[in-house]
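Report on the following structure.
The values are calculated or read from the model by the stated rules, or taken from the named source; none is laboratory data. What you see is a predicted model, and the numbers here were worked out from it, not measured in a lab. As a convention, Cβ positions derive from the backbone with ideal geometry for all residues, glycine included, and neighbour counts pool all protein chains shown.
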Ligand SMILES: [Fe+2]
Ligand SMILES: [Fe+2]
C-alpha cells in the first residue's frame, strides 16, 4: 500500500482532508456570525469591563476570519462557509438572555458572560482539534495559524472569568438582595 507523509493510506488521508476542510468551513461561518453578534453583546452589557471585553474580542474575531481565509488560501480552496448549528444555537440563547433580562442589570451581564464563555469553549475545542488535525495531515503552516487563534480564544475565556469573579457576580448577588 502506498503511504503518504502522514503514514496513512491515500484514501484515509483524503477523507481526513475532506473532514478538515469541512470543519474549517464550519468555524468560518461561526467566526463571521460572531462578527455580527458581538456588537449586540457589547451594546447589551452594562459593566464597562464587559463592554470593552466584547469590543476587543470583536476586533480579534475579525482577525480570526482573515486567518481562516489564509488557511483556505494555503489549501488552494475557495473561502466558503457552512452553517455551524452549535454557534447558531449558543448565540440564539444569548439573544434570549438579552430579551429576558432587564437593561442595565448585573443579572443580564452574568447571562452575557455565560453565553460568551459557551462560545469561547466551543471555539477552544474546535481550534484545539483543528490544530491537532492540521499537524496529523502535515499542514504545519496551517497549524501555526490556527494555534494563534486558539491562544486568543483562551485569553478571551480567561478575561470573561476574571470579569465575572471581580465585578459582576458580586453585583448580581447584591441586586438579588435588593429585590
Ligand atoms: Fe474566534
Ligand atoms: Fe472567540
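Of the helices (runs of 4 or more DSSP H) lying entirely inside the stretch 104-179, the ones with 3 or more residues being in contact (Cβ under 8 Å) with a residue 40 or more places away in the chain and over 19 Å from the mean Cα position of the chain (by Cα) are found at 106-136, 169-178. Mind checking which residues of the stretch 83-103 are more than 15 Å from the chain's Cα centre (by Cα) and closer than 14 Å to residue 42 by Cα? If the condition is that a residue be more than 15 Å from the chain's Cα centre (by Cα) and closer than 14 Å to residue 42 by Cα, then 95, 97, 98, 103 are the ones that fit. Consider residue 70 carefully, then state whether it is away from ligand 1 (no atom under 12 Å from the Cβ), in contact with a helix residue (DSSP H, G or I) (Cβ under 7 Å, 6 or more places away or on another chain) and under 20 Å from residue 135 (Cβ atoms). Yes, satisfied. Taking the criterion of being under 30 Å from residue 20 (Cα atoms) and out of contact with any helix residue (DSSP H, G or I) (no Cβ under 9 Å at 6 or more places or on another chain), the residues of the stretch 86-102 that qualify are 89, 92. Residue count for the stretch 134-169 under the criterion of being within 20 Å of residue 54 (Cβ to Cβ) and more than 16 Å from ligand 1 (Cβ to nearest atom): the result is 9. Per the listing 36, 25, 32, the residue uniquely within 16 Å of ligand 2 (Cβ to nearest atom), surrounded by 16 or more Cβ atoms within 10 Å (Cβ to Cβ) and at pLDDT 95 or above is 32.
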